[in-house]
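The values are calculated or read from the model by the stated rules, or taken from the named source; none is laboratory data. Keep in mind the model is a prediction, meaning the values are calculated, not measured. Glycine gets a Cβ as well: all are built from the backbone with ideal geometry, and neighbour counts include every protein chain shown. SASA here: full protein model, heavy atoms, side chains in, ligands and nucleic acids out. Shrake-Rupley method; radii C 1.70, N 1.55, O 1.52, S 1.80 Å.
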Amino acid sequence: MSFDRLEHAATGTPDRVPSQRSAFLDVLGMELQRHYGLRSDVVVQVGVMVLGVVDGTTGRTAEVSCDMTPDGWRYSWADSGRTITAVEDRRDAADVVARHLRGDFAGLS
């Protein structure tokens, strides 16, 4: 969303503006690194901030978004919009993302 980034007038390069969305995505990225050794970076795609995640072992990638819903902030798959879990359950969200990237789809919806 446009409120999640700024552009320098001289360079046209986007900079992130601190927001709840970026904070939640950063926290998930740290959780993925700490517990699963996965690399991630918050990027802006088509004006929307997402967490790009890479498993260096399998080469698989995923993008996670974070959206405010009537039930509160939720992590979701950026490509489908399907909910992963509430942001308060960041460890569960990290587990789902890691299992997805490693091909362990048992129990994933």
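The figures follow:
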| quantity | calculated |
| --- | --- |
| In Å², nearest 10: area of D89 left accessible to a 1.4 Å probe | 60 |
| Whole-Hz couplings from phi, Karplus 6.51/-1.76/1.60, listed for region 49-54; x for Gly and Pro | 7, 9, 9, x, 10, 10 |
| Cleavage-rule hits (trypsin sites (Lys or Arg not before Pro)) in region 45-102: DSSP loop, at most 11 neighbouring Cβ within 10 angstrom | R82 |
